[in-house]
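> Okay, here's the structure, questions in a sec.
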Amino acid sequence: WAKAEGKARWAIFDPERSLREVDQYTLAQLLPTALDRGEFRLHYQPLIALADGRFTGFEALLRWEHPRLGRLRPDRFIAAAEESGIIVPIGQWVLQESCRQARRWYEITGIRPCVSVNVALRQLSDGGLLDDVLRVIEAEQLTPDQLQLELTERAVIGSDHEPLAELQALAALGVGIAIDDFGTGYSNMTYLRRLPITALKLDQSFVSELRPDAADQTDAKIVRSILTLAHDLGLTVTAEGVETAAQARALRELGCDQAQGMYFGAPVPADALLRTPDAPGETR
Ligand code: C2E
Ligand code: MG
Ligand code: MG
Ligand code: MG
């Protein structure tokens, strides 16, 4: 603790430190007030079934609208939020807010969307996520299979506190469990046997070079192998970061289930996703 404090003080006063690093420290300090003051927002990115182009749901992505610093992306503050534990109440808010939007979507369109929420290890291991999920899906009258939790390999797999029991209870409920950024974090895949995973999110790095009609391409071979493995295990695969029609077509040819990315739609506030007449001027 003393060491951490020493480091932090040094971070403030050393003029050589980059602005970005100083900001990390400042941001960590601002996180509790940000939550109290309602500075967090969710943006929603559509998930699309590649076979027929159907909208199946959305991923909720956290944004921090700081009055002076502007809009901050999660890469700037999630790590700090995890370290301090404030990710637990932030994550509760994310779950509640995104499920509320899923219900609202159903009420407006009659379609039950899947809502995919990123969760941090802290939320699972001692954050009471299971109780929160039970309460929220009940309150918003969602079916458990409408909710998918996204975990990164890096954060969860093989940690000392691998949340096996929590994940099993969530999976038994019928909630989806997806591995986010699949293929970037961890080469040992035995967790696919151990944990109740239902889906993989294929990292953008495998997608960016994909071309249609290029079956001999290395990336296409990797993606095809991942799809074969996933489908044999009964998992669905969503490709992340799809930016072009060519990538989408290549993924569809390879048999990928779902996609998300700029080509289909950027993450936007709920009202922009809904495009309802009552959206403009609505307060939060
Ligand atoms: P992720 O879950 O892998 O989310 C996908 C990221 O790709 C998002 O970045 C999204 O805005 C971005 N993206 C979407 N389409 C495209 C595209 O076509 N091309 C490219 N290059 N990128 C695209 P974002 O929103 O900055 O989020 C970054 C990461 O922060 C997320 O990665 C996730 O790991 C984490 N995160 C976001 N929201 C939450 C949250 O509520 N809780 C937790 N614990 N982590 C979160
Ligand atoms: Mg994600
Ligand atoms: Mg991802
Ligand atoms: Mg990613």
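> Which pairs have Cβ atoms under 8 Å, sit 6 or more apart or on different chains, and link a residue in region 74-96 that is closer than 19 Å to residue 135 by Cα and more than 9 Å from ligand 1 (Cβ to nearest atom) to one that is among the β-branched types (Val, Ile, Thr) and modelled with pLDDT of 95 or more?
96/136
> Then there is this: Scan region 179-217 for residues that are within 16 Å of ligand 3 (Cβ to nearest atom), under 20 Å from residue 249 (Cβ atoms) and either out of contact with any strand residue (DSSP E or B) (no Cβ under 6 Å at 6 or more places or on another chain) or part of a strand (DSSP E or B) (or both) and jot them down.
Passing the criteria: 201, 202, 204, 205, 206, 208.
> Here's another thing I want to ask about it. Would you confirm whether or not region 163-178 contains a residue that is buried (at least 19 other Cβ atoms within 10 Å of the Cβ), part of a strand (DSSP E or B) and more than 16 Å from ligand 3 (Cβ to nearest atom)?
No: region 163-178 contains no residue that is buried (at least 19 other Cβ atoms within 10 Å of the Cβ), part of a strand (DSSP E or B) and more than 16 Å from ligand 3 (Cβ to nearest atom).
> For residues that are at pLDDT 90 or above, within 16 Å of ligand 2 (Cβ to nearest atom) and either among the aromatic types (Phe, Trp, Tyr) or under 27 Å from residue 245 (Cβ atoms) (or both), tally how many sit in region 180-220.
Number satisfying all stated conditions: 12.
> Report whether or not residue 141 is assigned to a strand (DSSP E or B) and either out of contact with any helix residue (DSSP H, G or I) (no Cβ under 8 Å at 6 or more places or on another chain) or away from ligand 2 (no atom under 16 Å from the Cβ) (or both).
Numbers: assigned to a strand (DSSP E or B): no; either out of contact with any helix residue (DSSP H, G or I) (no Cβ under 8 Å at 6 or more places or on another chain) or away from ligand 2 (no atom under 16 Å from the Cβ) (or both): yes.
When the stated conditions are applied, residue 141 does not pass them.
> Would you confirm whether or not region 218-241 contains a residue that is away from ligand 3 (no atom under 16 Å from the Cβ), surrounded by 15 or more Cβ atoms within 10 Å (Cβ to Cβ), under 21 Å from the mean Cα position of the chain (by Cα) and not acidic (Asp, Glu)?
yes
> Moving on to the next point. Based on what the data block shows, is residue 208 surrounded by fewer than 16 Cβ atoms within 10 Å (Cβ to Cβ), within 16 Å of ligand 1 (Cβ to nearest atom), more than 15 Å from residue 47 (Cα to Cα) and among the polar types (S, T, N, Q)?
In short, yes.
> Specify the residue that is farthest from ligand 2 (Cβ to nearest atom); the eligible residues are those in region 231-272 that are more than 17 Å from residue 55 (Cβ to Cβ) and of a type in the set (S, T, N, Q).
The qualifying residue farthest from ligand 2 (Cβ to nearest atom) is 244.
> Something else now. Give me the residue from region 46-55 that is surrounded by fewer than 18 Cβ atoms within 10 Å (Cβ to Cβ) and touching a residue at least 24 places away in the same chain (Cβ under 8 Å) and, out of that set, farthest from residue 111 (Cα to Cα).
Ranking the qualifying residues of region 46-55, first place goes to 51.
> Return the pair list, or none, for Cβ contacts closer than 8 Å from residues in region 117-128 that are within 16 Å of ligand 3 (Cβ to nearest atom) to residues that are small (Gly, Ala, Ser) and part of a strand (DSSP E or B), at least 6 apart or on different chains.
117/60; 118/60
The values are calculated or read from the model by the stated rules, or taken from the named source; none is laboratory data. Computed from a predicted structure; not experimentally measured. Cβ atoms come from the backbone with ideal geometry, glycine included; neighbour counts cover every protein chain shown.
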